[in-house]
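What follows is calculated from the coordinates using simple rules that are stated; it is not laboratory data. Source: prediction; values computed, not measured. Heads up, the Cβs are rebuilt from the backbone with ideal geometry, glycines too, and the neighbour counts pull from every protein chain shown.
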Amino acid sequence: MPSLRARLFEQAVRRLLRPLLSVAVRDVDLLNAQQRLERWVAFLPRPRHVDIRTWQVGDLHGEWLQPHRQRADAVILYLHGGAFIIGSPATHRDLTASLAHKTGLSVLALDYRLAPQACFPAWRDDAVGAYEALLAQGYDAARIILAGDSAGGNLVLSCALQLHALGRPMPAALVLLSPWTDLYCTSASMRLLAPFDAMLDPASLAQLGRYHARAHALDDPGLSPLYGDMRGLPATLLQVSDSEILLDDGLQWADRAEAAGVVVERQIWPGMMHVFQLFCRWLPEADRAVDAIATFITAHLPAR
């Protein structure tokens, strides 16, 4: 049973965040949604226990979150969610700061390009470019964790698939929080769990999927990683809620990945909202979920 605090946050999310993700797919409306979210985020207090500084390599941007007690030989590359239309390192700062604090690792939160200013494959190119920048900086691939939520989970997978296709060294592990893996948006959970999902609307998400695909097929693995060749992907942690429309996106991907030989650890959280981990400053369930992510990450990094 979700905590009282989680239920209250769910109501706030339904009133505030759901409209931003159900916006009409027009450039002006997408831009307005981005601006509204960033204005709200500007009022949030900055996290404790980490130092935050900007990061730029060429045209790539983001921010470093560095814990005060730091393990310097490994890093998390974090890719935020927001359906490829909203979100930034700032919107996910509580989560990335908590990951940095609990793992002792620096987190690079990438500010990848979004629609309508950019279209696919711009965000995948940015993710691959940031990973390559970390390699160039001297990080061993076996000490890089790729993590992301929702559309960011999609991007984690499309980035990993692209790295594998290019013959590049793979990261140590992947962390997926409620990933959006199928832009067709036709799974059973899209229909059955729609009344319970506080953040996402199936019709709006499907419309965004078609908008992002444009001239590409919806089953292009760069857009819908569910249809990719998962062979060779690293061990993966999947966290999903049993009350969100993306439940099947995560579980069906896990089924196909395991059939391809990928080791997948599944954690299904009852009654929680989509990407509840964002609220780790306030929700006990989110704090426990981040603890579980930290445990998984630590277990999949080589000894120092």
statement: Kirkwood-based Rg/Rh on the Cα set of the chain evaluates to 0.92
field: Distance-filtered residues of segment 221-253 - backbone nitrogen under 18 Å, label point 7 angstrom along residue 263 Cα→Cβ
entry: 230-239
- prompt: Given a cut-off of under 8 Å on Cα pairs at least six residues apart, what relative contact order in percent is computed for the chain?
  reply: 19
- line: Under a Gaussian network model of the chain whose springs join Cα atoms within less than 10 Å, the largest fluctuation of 287, 219, 27 belongs to 27
- request: Could you check the simple spin-label distance between residue 25 and residue 137, using points 7 Å along Cα→Cβ, in nm with one decimal?
  value: 3.5
- line: Note: probe point = Cα of residue 196 + 7 Å toward Cβ; backbone nitrogen < 15 Å; residues of segment 252-290 passing the test are 268-276
- line: Here, residue 11 and residue 217, labelled 7 Å along Cα→Cβ, have an inter-label distance in nm of 4.7
message: Quick check on the chain: helices-only [θ] at 222 nm, where DSSP H runs of length 4 and up contribute -39,500 (n - 2.57) each and the sum goes over total residues. Nearest 500, please.
response: -12500 deg cm²/dmol
